[in-house]
Amino acid sequence: MVTSRLLLAVLLGLLALLLGALLVVQVVVLPAEATEAAHRFPEAAFLEVPVLVLAVAAVACGQVAVLCVMALLVLVERGRALGPAARWCLDVVIGAVALASVLVLGTGVLVTTTVGSPALAPAVVLSLGGAVVVAGLLALRHRAHAAARRGGDLAEVL
C-alpha cells in the first residue's frame, strides 16, 4: 500500500526535477536558441536580447509557481491547507501564471509587430490558456477563503 507520505515525497521529487529542467532551459536552451535564431534570421537579430529576457522571465514565473505548489503540498500534508501561508502561496501562483501569460502575449506582439512573424496566434492561445488557469485558481482561492472563514476543511474547497 502506498502511503500519502511516499506519494508526497515522489511528487516533491518530480517537481524538483521539473525545477532543474526549467533551470537548464533558462541557462542553456533559451540562450542557445536565441543565438541560433539571430544567426538564422539576421533581419530579426535585434530582437535576440529582448525576446530572451522575456522568455527567461516567463520561465522564472513557472519556477516560482512550482516552488509554491511544492510549499502548498507540504502545507496540505501538515493540515494547514486553509491557513494564511497556503493562501499566500496560492496568491503567488496566481500572480506567476498571470504574469507569465502577459509575458508570452507581449513577446508575441513584439515579434509580430517588429518583424511580421506569425508568433501572435500561438502567443494568444497560450495566454488564453493561462487566463483559464488563473480563473480556475481564483475560484479555488475564493472557495478556500470561504471554507477558512467557516472553519471548514479542505474537502469543502474541492
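With one equal scatterer per alpha carbon and no solvent term, the Debye-computed log10 I(q)/I(0) for region 48-114 at 0.12, 0.18, 0.23 1/Å reads -0.39, -0.66, -0.87. Share of pairwise Cα-Cα distances greater than 19 Å in region 4-157 is 62 percent (whole percent). Note on residue 132 and residue 19: the extension gain reaches 38.4 nm, defined as 0.36 nm multiplied by sequence separation minus the Cα-Cα distance. Within the chain, the cysteines lacking any other cysteine Cβ closer than 4.7 Å to their own Cβ are 61.
By the count of other C-beta atoms within 10 Å, a proxy for reagent exposure, 48, 77 are ordered fewest to most as 77, 48.
If each DSSP helix of 4+ residues adds -39,500 (n - 2.57) and the sum is divided by the residues in the chain, what number results at 222 nm, nearest 500 deg cm²/dmol?
About -28500 deg cm²/dmol.
A simple spin-label model places pseudo-atoms 7 Å from Cα toward Cβ; at residue 74 and residue 56 they are separated by 2.7 nm. Principal-axis analysis of the Cα atoms of the chain puts helix 120-150 at an angle of about 20° to the longest axis. Dipole of the chain computed with +1 at Lys/Arg Cβ and -1 at Asp/Glu Cβ about the Cα centre; of 37, 63, 118, farthest Cα towards the positive end is 63.
Coordinate-derived values only; no laboratory data. Just so we're clear, the structure is a prediction, and the values are computed from it rather than from any experiment. Every residue, glycine as well, gets a Cβ built from its backbone with ideal geometry; the counts of neighbours run over all protein chains shown.
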